[in-house]
1. Can you tell me which of K595, K584, K577, K591 is under 20 Å from M311 (Cα atoms) and not acidic (D, E)?
2. In the same structural domain as W328 (by TED's automatic domain parsing), assigned to a helix (DSSP H, G or I), touching a helix residue (DSSP H, G or I) at 6+ places or on another chain (Cβ under 8 Å) and surrounded by 12 or more Cβ atoms within 10 Å (Cβ to Cβ): does that describe L578?
3. Say whether the condition of being in contact with a Lys or Arg (Cβ under 7 Å, 6 or more places away or on another chain) and not hydrophobic (A, V, I, L, M, F, W, C) is met by at least one residue in segment 14-30.
4. Which residues, counting only those in segment 342-367, are touching a strand residue (DSSP E or B) at 6+ places or on another chain (Cβ under 8 Å), within 19 Å of N383 (Cα to Cα) and either among the polar types (S, T, N, Q) or surrounded by fewer than 16 Cβ atoms within 10 Å (Cβ to Cβ) (or both)?
5. For segment 396-468, which fully contained strands (runs of 3 or more DSSP E) count at least 1 residues that are surrounded by fewer than 19 Cβ atoms within 10 Å (Cβ to Cβ) and assigned by TED's automatic domain parsing to the domain that holds L499?
6. Any idea which residue in segment 344-379 is farthest from R410 (Cα to Cα), counting only those that are modelled with pLDDT of 95 or more and of a type in the set (K, R)?
7. Taking the condition of being part of a helix (DSSP H, G or I), farther than 29 Å from G443 by Cβ and not hydrophobic (A, V, I, L, M, F, W, C), how many residues in segment 508-565 meet it?
8. Is there a residue being modelled with pLDDT under 95 and in contact with a strand residue (DSSP E or B) (Cβ under 8 Å, 6 or more places away or on another chain) anywhere in segment 496-514?
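The values are calculated or read from the model by the stated rules, or taken from the named source; none is laboratory data. From a predicted model like this one, the values you see are computed outputs, not experimental measurements. Glycine gets a Cβ as well: all are built from the backbone with ideal geometry, and neighbour counts include every protein chain shown.
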Amino acid sequence: MTMIKERLEKLRSLMAERNMDAYMIPTSDFHESEYVGSYFKCREFMTGFTGSAGTVVITMNEAGLWTDGRYFVQAAKQLEGSSITLRKMGYPGVPTIEEYLEQVLPEGGCIGFDGRVVSGQNGQELEDLLGEKNITLSNEEDLVDVIWKERPSLSAEPVWILKESYAGLASSEKIKELRSKMKKEKATAHVLTTLDDIAWLLNIRGNDIECTPVVLAYALITLDEFSLFINDQVLNEEVKAYLKELGVSICPYDSIYEVVGQLKDQKILLETGKVNYSIVKGIADSNRIIDKMNPTVLSKALKNPVEVENMKLAHIKDGVALVKFIYWLKHNVGKERITEVSAQSYLDQLRSKQEGNLGLSFDTISAYGANAAMCHYKAVPENDTVIEPKGLYLVDSGGQYYEGTTDVTRTIAVGPLTNTEREHFTLTVMSMLRLGAVKFLYGCRGLTLDYVAREPFWSRGINYDHGTGHGVGYLLNVHERPNGIRWRMVPERQDNAILEEGMVTSDEPGVYIEGSHGVRTENLIVCKKAEENEYGQFMEFEFLTMAPIDLEALDTSIMTEEDVRLLNKYHKEVYEKLSPYLSKEEALWLKENTKSV
């Protein structure tokens, strides 16, 4: 941790030269992405914390890292000895970042940050909050860049076109729909900087963020022009011709700031929570900002029939890889040395061999025993754990395919279990199946349905400290707005939309007992229409994920008859869908392990 302390001291020296009292480093890129490329991992560089969410605030006397419940255990370990304090977001007595800054910054003080990695909304909130103390915001300079001598280059991976047979809708139609929505908002210009929205809108993909096939770009769309700000070196002649035919003009990546700054007397539709502070701050006063969620967000979330059918195919491929993995693990654990890292590598290889696979959709979580109590644990050689023939092993993984994005978690008994482990495993399975089988009236949000999943836990005084479900993109972000399932509002998540036909959401309850074990079972579900009658339009879910649930870990005595029926029904479909693609031995094993209980 000496290196982290040295970096903090170097940063404080730079802060002192610029008369800054605090410096803030969020986990973000210039596009407010959840996951970021290696160039943008400034917070990780400064803290040693490798989680995907968190903000560090450094003052002259102390440093604090704010992160959410997914990362409390991991962050506590990684920050140990660094002099950085873990601030558990949402916990009683823990101030928000804004409250903390208001407390510690002096009258007339200054807070610094790189305005390109802080959202316009967050920057404005800081302005409003700290203005009463005459605190200034310095957003012109990336101080970490001064310290980070071996910083990776900005990614510049090739762009490719996603065929309409996968996308289901031509980009020209998507642009036409977007302009129609702009007219409804009376907007004359739209600033779009979220990478998944741009990729979806233009039916293009790339590789500028690990596990997320997006392209570093900004877009400015008017009612008759479309400017794409991108490094043109990533565009081959085919892509350039394709974009030209769509009426898209190519501009230098960094010129977005100058071009937006030149806009006058426009009604600009943009989402200040997703457009960076430097862009928003640069908009001239003669323009009027219409601050609303990007219209593409909802359009993208409503998977069209082609996308839904493709995603079903992707999940069969993914399920085949997972069955092969579980079969291998069950037959070899205890007989040969298998570790979290080697198991992860084996599964990743199996997935990569599936036709149309383009890589992982996120870093595989391979966690044995107590490590599985950390929701977003990452096995690395330095802390690699041997998987012993006892207890539970959890693997949360997913792939990117031409046919869509997958995300699946299975917890596997690798040997004898305690009664508590078996109970927690069974409750999790019951929860996942019950949510997948729920029927509800149109108009419900995830907030309404979450109790279906949590009731088996809450009735026993148990809870899990994460949402039950998140939206999933199509060959895009594994976490996608605006749909989600959680028990309480978390405004920054923006995932409480009405559940609509075509939305794909994860269904992933769990139990996490620090120092002992962790359990999670996750399927992806697609929302579709059920019957319509005098009460209105009913909705339901269909499972996309096809993968067995470990019968060896079940305690059927705590399941209701309906729970058993749902499990048997699901397993029947899993066997029918996957068995044709397995070896004879694997198919026989799957038949035995999806039998009725």
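1. K577
2. yes
3. Of the residues in segment 14-30, the ones in contact with a Lys or Arg (Cβ under 7 Å, 6 or more places away or on another chain) are 25-27, 30.
If we keep only those that are not hydrophobic (A, V, I, L, M, F, W, C) too, we end up with 26-27.
So far as segment 14-30 goes, yes, one or more of its residues are in contact with a Lys or Arg (Cβ under 7 Å, 6 or more places away or on another chain) and not hydrophobic (A, V, I, L, M, F, W, C).
4. Those that are touching a strand residue (DSSP E or B) at 6+ places or on another chain (Cβ under 8 Å), within 19 Å of N383 (Cα to Cα) and either among the polar types (S, T, N, Q) or surrounded by fewer than 16 Cβ atoms within 10 Å (Cβ to Cβ) (or both): Q344, T364, S366.
5. Hits in segment 396-468: 439-441.
6. K353
7. The initial filter retains those residues of segment 508-565 that are part of a helix (DSSP H, G or I), namely 551-553, 556-558, 561-565.
The next check asks that each one be farther than 29 Å from G443 by Cβ; those that pass are 551-553, 556-558, 561, 564.
Now drop any that are not not hydrophobic (A, V, I, L, M, F, W, C), which leaves 552, 556-557, 561.
Qualifying residue count for the region: 4.
8. Within segment 496-514 (the criterion being modelled with pLDDT under 95 and in contact with a strand residue (DSSP E or B) (Cβ under 8 Å, 6 or more places away or on another chain)), the answer is yes, since at least one residue qualifies.
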